Amino acid sequence: MPKHEGVSLSVIKRLPRYYRFLGDLLSRDVTRISSRELASLMQLTASQIRQDLNCFGGFGQQGYGYNVAALHKEIGNIMGLNKHTPMVLIGAGNLGRTIARHMDFESSGFKLVGIFDDSPRVIGQKVSSLTVQDMAGLEAFCKEQSPRAAILCIPKEVAFETAQRLMKLGVNCFWNFSHYDLSLDFEGAVVENVHLGDSLMTLCYQINAAYPEDE
Ligand code: NAI
């Protein structure tokens, strides 16, 4: 049975933000914080924070608040950040290379173990500390390294067939940048679709709402 079953996705999506704020407090040597102070820092309500953390057992003490280091560690454990799940990147184009070079995989719970592409233009190139491999070698690689997750930075036209191929190799968790909604296709797959454009359009909406008079 999955751990923390029944916890809503909106609570889960707030965990990285708690982790980031607590990490920031730690780096400033703050050792304890009340739910009210944390709430004001994060622009949430104290009751929202208590409700969120109660989903995982609650970690505060009446009259003391939260121990920052303990809560940071506990939230990291809840997210499984110490596991370093092996992950492959498919598609070493502009986006894939940027992600491989700039993401801190290890502190986000992953280890990037392989990068694959099907174009001779990029196969053999060094990206970060890895060499881009030919997709033809994907099966042998997965057999040997057993990655569990894949980052998809490939065109949407090939996302479905690539995900299907990966699923057959035991890779059923996807950080999906291709503009294709994988979660609709594969039962049992764990999918996080990322659309930077959605975030930009949300900003656009907010600007539009704040300055309706702008042309
Ligand atoms: P790109 O054209 O620079 O890179 C795509 C790479 O995928 C190429 O190296 C190509 O050889 C490779 N590829 C194509 N078919 C493949 C296959 N079947 N197997 C393995 N590799 C394959 O494009 P870019 O800019 O890196 O973008 C990649 C994808 O991500 C595009 O579909 C783009 O629309 C999307 N994108 C998504 C964003 C998001 O926020 N979700 C943001 C920016 C781009």
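Odds and ends about this structure:
- Computed [θ] at 222 nm, helices only, for the chain once each DSSP H run of length n ≥ 4 contributes -39500 (n - 2.57): -13000 deg cm²/dmol
- Across the chain, the relative contact order, built from alpha-carbon pairs under 8 Å that are at least six residues apart, equals 13 percent.
- Note: segment 98-163, Cα convex hull, 104 Å³ per residue.
- Shape call, segment 68-125: gyration tensor on alpha carbons, a/c limit 1.5: prolate
- Among HIS72, HIS179, HIS102, the largest mean-square fluctuation in a Gaussian network model of the chain, built with springs joining Cα atoms closer than 10 Å, belongs to HIS102.
- When only the Cβ of Lys, Arg, Asp and Glu is charged (+1, +1, -1, -1), the dipole of the chain relative to its Cα centre reaches about 820 debye.
- Selected from GLY65, LEU152, LEU203, residue furthest toward positive end of dipole (the chain; charges at beta carbon): GLY65
- Residue with peak Gaussian network fluctuation, the chain [Cα springs, cutoff 10 Å], from ARG28, ARG97, ARG20: ARG28
- Highest-fluctuation residue, LEU22, LEU41, LEU138 considered, GNM on the chain with Cα pairs under 10 Å: LEU41
- Ordering LEU38, LEU26, LEU15, LEU200 from the fewest to the most neighbouring beta carbons within 10 Å gives LEU200, LEU26, LEU15, LEU38.
- Radius 15 Å from Cβ of ALA92, net charge of other residues (Lys, Arg +1; Asp, Glu -1): +1
- Dividing the radius of gyration of the alpha carbons in segment 126-211 by their Kirkwood radius gives 1.10 for Rg/Rh.
- Inter-part distance where segment 68-111 and segment 124-198 are each reduced to a Cα centre, Å: 15 Å
A short reminder: the numbers here are calculations on the coordinates, not readings from a lab. Every value quoted in this text rests on a predicted model; they were computed, and no experiment measured them. Backbone-built Cβ (ideal geometry, glycine too); neighbour counts: all protein chains shown.
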